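To start, the structure itself, in structure tokens.
The values are calculated or read from the model by the stated rules, or taken from the named source; none is laboratory data. Because the structure is a prediction, the values reported are computed rather than measured. Note that we place each Cβ from the backbone using ideal geometry, even for glycine, and neighbour counts take in every protein chain shown. Please note that ligands, DNA and RNA were not included when accessible areas were found on the heavy atoms of the full protein model with its side chains. Shrake-Rupley method; radii C 1.70, N 1.55, O 1.52, S 1.80 Å.
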Amino acid sequence: MKAKVPLFDSLGRPIWFDREEFRNHVIPENLKAEWDNPQELYEFVVQIFRDGFIEEAEKGADRLLELYRRDEGTLVLKAAVLLRKGDDVGAEKLLLECIEKYPKRGVAHTFLARVYSRRGDREGALSALRQGLSLEPNQEMALRWLVELYQEKKEDPVPALEPFAEIAGAFWPQLELGRLHLEKDQIPEALRWFEAAVEVTRGMRGEKEPPSYEEEVAVMTSTAKMRQRGLRDEVIDFCRKFWVPTFATPFAGLDYVQALEEAGRVQDGIDVLKAMLPYLLPEYRSFVDQRLHHLESKSLVRRR
């Protein structure tokens, strides 16, 4: 069976192409069409890079360097392409240029850590990760990688993460610390870190402002980790404090509903689903409608 590659139409619907057809016809046509449209070209180059069309992505990345005058995003994108090609020297040169131009940004440091790691320089990788996280502590993958580097040496990563949780605006370090404590069955400590993460994100908005995406991420990540550990009552208590029906995605709410259903509180689950429905992004509504229908049917059976 030939590999297929999706290209998305204006409504976000995938159109599937044979991989070679995509390489030989779709990519050249799209690169040509978007050659002078920076945002559209950037999105397409990122897509083909993720799909593994590295040579073609490099061509687009070179054009983006011109259009965006070698800004942070395009320097990092081209460096990522070179890393995928195995050109660590070229990637390092671009990343160092990026760090010099944007000394208060952290992502380039994280990519630079990959260069050091591939050279077998663990301390260099750790140093680059720490530097990047000290500038931008909410880099999820960088935090996870830092943890892995410590765990490979049978070292406790918690002390290494805690300083990043103290940086203003940081919330992903708290989520990662919560995950680590959950893995040790240190439930109160895990809950404390999850709650701290959500409190930080809530502090980013005014009292009457809708929740930010960061707040949704903090809540849904916390509930997902607790659900995975079977912490039904903790999920219910956490959601009672931090879940709001105006979240645009249903994930935390569905964790809440599942925990309520398991606790025999079917009507409460129905109420949560009905409360969230008006605010969901359209692509999630049909699934939540199905979940609501299931619980309403279950509720009717119980009443008979």
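Taking the range 16-27 on its own, how many of its residues are open to solvent by 50 Å² or more (accessible area, probe 1.4 Å) and in contact (Cβ under 8 Å) with a residue 24 or more places away in the chain?
Residues in the range 16-27 being open to solvent by 50 Å² or more (accessible area, probe 1.4 Å) and in contact (Cβ under 8 Å) with a residue 24 or more places away in the chain: 1 in total.
Quick check: is even one residue across the range 86-103 of a type in the set (Gly, Ala, Ser), within 30 Å of residue 196 (Cα to Cα) and surrounded by 15 or more Cβ atoms within 10 Å (Cβ to Cβ)?
No, the range 86-103 has no match at all.
Considering only residues that are in a helix (DSSP H, G or I) and either open to solvent by 50 Å² or more (accessible area, probe 1.4 Å) or in contact with a Lys or Arg (Cβ under 8 Å, 6 or more places away or on another chain) (or both), which ones fall in the range 199-227?
Those that are in a helix (DSSP H, G or I) and either open to solvent by 50 Å² or more (accessible area, probe 1.4 Å) or in contact with a Lys or Arg (Cβ under 8 Å, 6 or more places away or on another chain) (or both): 199, 202, 213, 214, 215, 225, 227.
Looking at the range 35-81, which of the residues that are polar (S, T, N, Q) and either under 22 Å from the mean Cα position of the chain (by Cα) or assigned by the TED database to the domain that holds residue 92 (or both) is least open to solvent (accessible area, probe 1.4 Å)?
Per the criteria, the residue is 74.
Look at residue 129 and say whether it is open to solvent by 20 Å² or more (accessible area, probe 1.4 Å) and assigned to a helix (DSSP H, G or I).
No: the conditions fail for residue 129.
Only one residue in 170, 160 is under 20 Å from the mean Cα position of the chain (by Cα) and either among the aromatic types (Phe, Trp, Tyr) or surrounded by 15 or more Cβ atoms within 10 Å (Cβ to Cβ) (or both), so which one is that?
170
Which members of the range 273-304 meet the condition of being outside any helix (DSSP H, G or I) and open to solvent by less than 50 Å² (accessible area, probe 1.4 Å)?
280
Check off (1) in a helix (DSSP H, G or I); (2) open to solvent by 20 Å² or more (accessible area, probe 1.4 Å); (3) not small (Gly, Ala, Ser) for residue 270 and give me the number that stays unchecked.
(2)
Could you look through the range 228-243, keep only residues that are open to solvent by 30 Å² or more (accessible area, probe 1.4 Å) and outside any helix (DSSP H, G or I), and pick out the one that is farthest from residue 174 (Cα to Cα)?
230
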